Amino acid sequence: MKVYCKRTVFRKNNNAYPINGKDYGENYVEWERGKFYNFRIPDDYERGGNSEMFSGIYYYIETEVEGVSSPIKEKEFRKYFMDVDELRNDKINEILK
């Protein structure tokens, strides 16, 4: 399953090693506008169980960092992404105008 990124998301590298060519303290692109990303639905205990660590995870979405998927909450998801059905409906409405 895929989602469409409607806004580029930057993250600060807080690691001692470079991420996508960006060193400590520099911003790197986690998700890039106009691209499609695979995602997975988290398990029940990750979605909202009693644990504060996993509370509220909406999806895990693959990132520009190879082999890494990041968790995202629903509010952030709505801000930066749309599902393929929503994208399709927007394009159809554009054509029909």
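Can you tell me how many residues within region 16-66 are touching a Phe, Trp or Tyr at 6+ places or on another chain (Cβ under 9 Å), in a strand (DSSP E or B), at pLDDT 90 or above and within 22 Å of residue 78 (Cβ to Cβ)?
11
Which number in (1) under 25 Å from residue 91 (Cα atoms); (2) in contact (Cβ under 8 Å) with a residue 12 or more places away in the chain; (3) outside any loop (DSSP other than H, G, I, E, B) marks the one condition that residue 70 misses?
With respect to (1) under 25 Å from residue 91 (Cα atoms); (2) in contact (Cβ under 8 Å) with a residue 12 or more places away in the chain; (3) outside any loop (DSSP other than H, G, I, E, B), residue 70 is out only on (1).
Between a residue in region 13-24 that is polar (S, T, N, Q) and any residue that is surrounded by 10 or more Cβ atoms within 10 Å (Cβ to Cβ) and in a loop (DSSP other than H, G, I, E, B), which pairs come within a Cβ distance under 8 Å, given they are 6 or more apart or on different chains?
Note: pairs meeting the criteria are 13/23; 13/24; 13/26; 14/24; 15/24; 20/64; 20/65.
When region 55-74 is examined, which residues are found to be among the hydroxyl-bearing types (Ser, Thr, Tyr) and either closer than 16 Å to residue 35 by Cα or under 9 Å from the mean Cα position of the chain (by Cα) (or both)? It would help to see each step written out before you state the result.
Step one: filter region 55-74 for residues among the hydroxyl-bearing types (Ser, Thr, Tyr), giving 55, 58-60, 63, 69-70.
Once the filter is applied, which keeps residues that are among the hydroxyl-bearing types (Ser, Thr, Tyr) and either closer than 16 Å to residue 35 by Cα or under 9 Å from the mean Cα position of the chain (by Cα) (or both), region 55-74 yields 59, 60, 63, 69, 70.
Scanning region 76-86 for residues that are surrounded by fewer than 16 Cβ atoms within 10 Å (Cβ to Cβ) and farther than 30 Å from residue 18 by Cβ, which turns out modelled with the highest pLDDT?
78
The values are calculated or read from the model by the stated rules, or taken from the named source; none is laboratory data. This is a predicted model, so every value here is computed, not measured. Note: ideal-geometry Cβ built from the backbone for every residue, glycine included; neighbour counts use all protein chains shown.
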